[in-house]
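Okay, so here's the structure we're looking at.
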Amino acid sequence: MTEPLVTVDVHTHIGQHGVHVHDPLASDEVAAWGKVSWDVDLDEHAQAATAAGHSIVLAFDAEPVGVVVDNEYVAETVAGHDNLIGFASVNPTRKDARDRLVYAVENLKLRGLKLGPTYQHFHAHDARALALLEVANEYRLPIIWHQGTTFTPAAIAEYARPLDLDLVARRFPDLPMVIAHCGHPWAEEAASVIRRHPNMYMDVSALDTRPWQFAQSLASAFEYRVFDKLLFGSDFPFSTVQQCIDGLRNGARICRELGIAPITDRDIDALCARDSLTLLGLK
Ligand SMILES: [Zn+2]
């Protein structure tokens, strides 16, 4: 049994092409990246998850872009695996959104909520979204927000800004929230938002393919003094724990060598060791 490389991976996906992942997102993935990466074999996910002590597994209710990784599937996948923590996803625009979230928590035992306004076609300030967040707040469900850009033209880019979450955080100050991917490409904006709110964090997933952006994201977190609010995430299957660690070390090296920020390997070690489950109230 090998030692995990990181304490918690807050951002992993499951879902199979043709079952959960359809067009337009699937064909847009081919156009942007040359293949459909979002096609996860559960054995591969289980193997990848051995690189982390615990891994959060995300549902994704994003019909407008052709993706529905349903809450039941996530619940079945994590059942019996102490290292896997399932997060629900509910599109707030659904008429039965409240009931779906209550069911996901009470019956399926899912422990957080994944939202992606750009993919789900709602604005974070929409009354329907705030109503769903009331439910999340009652259960203290941590929320992972995809608040950043995406390749698919089927998404609505103007719903993707990290700044949109400031109002949400003011309204729900006790709700733990994570901005995924450091809010790419708006890492400075994301850092400026999370530093205002004690329960806000951002994850470093899916940045390793862009070394310069990754370095800038780390530098922004450092400059805004929120480096201790960076949570480790891989965005499997789009990246792996090891690729993300390599990207973090490379980003830190770029920051040092260019004299941007003195981020050390020990800072990266601390990030990898961060106990995100405790920070998100999941222990
Ligand atoms: Zn993701």
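Each value in this text was obtained by applying a stated rule to the coordinates, not by laboratory testing. All values derive from a computational prediction rather than experimental measurement. Note: ideal-geometry Cβ built from the backbone for every residue, glycine included; neighbour counts use all protein chains shown.
Some points to look at:
- In terms of its C-alpha gyration tensor, the chain has a rounded overall shape, because the principal axis ratio a/c (a ≥ b ≥ c, square roots of the eigenvalues) stays below 1.5.
- Ordering 246-257, 106-117 by mean Cβ neighbour count within 10 Å, with the highest value first, yields 106-117, 246-257.
- Extension gain, Asp82 back to Ala31 (0.36 nm per residue minus Cα-Cα distance, nm): 14.6 nm
- Most to least packed among 6-15, 274-283 [average Cβ atoms within 10 Å]: 6-15, 274-283
- Between Lys95 and Arg140, residue separation times 0.36 nm minus the direct Cα-Cα distance comes to 14.0 nm.
- Euclidean distance of C-alpha centroids, the range 95-139 and the range 1-53, integer Å: 23 Å
- Computed over neighbours whose Cβ is under 15 Å from that of Leu101, the net charge equals +1, Lys and Arg +1, Asp and Glu -1.
- Each of Trp212, Trp145 was scored by other Cβ atoms within 10 Å of its Cβ. Listed from fewest to most, they are Trp212, Trp145.
- For Asp174 and Asp269, the difference between the fully extended length at 0.36 nm per residue and the C-alpha to C-alpha distance is 31.4 nm.
- Cα gyration tensor, the range 199-274 - rounded (a/c under 1.5), prolate or oblate: oblate
- DSSP-defined beta bridges in the range 61-199 - what % are antiparallel, rounded to 5: 20 percent
- Relative contact order of the range 6-279, taken over Cα pairs closer than 8 Å and 6 or more residues apart, is 18 percent.
- Restricting attention to the chain, close to 15% of DSSP beta bridges with both partner residues there are antiparallel.
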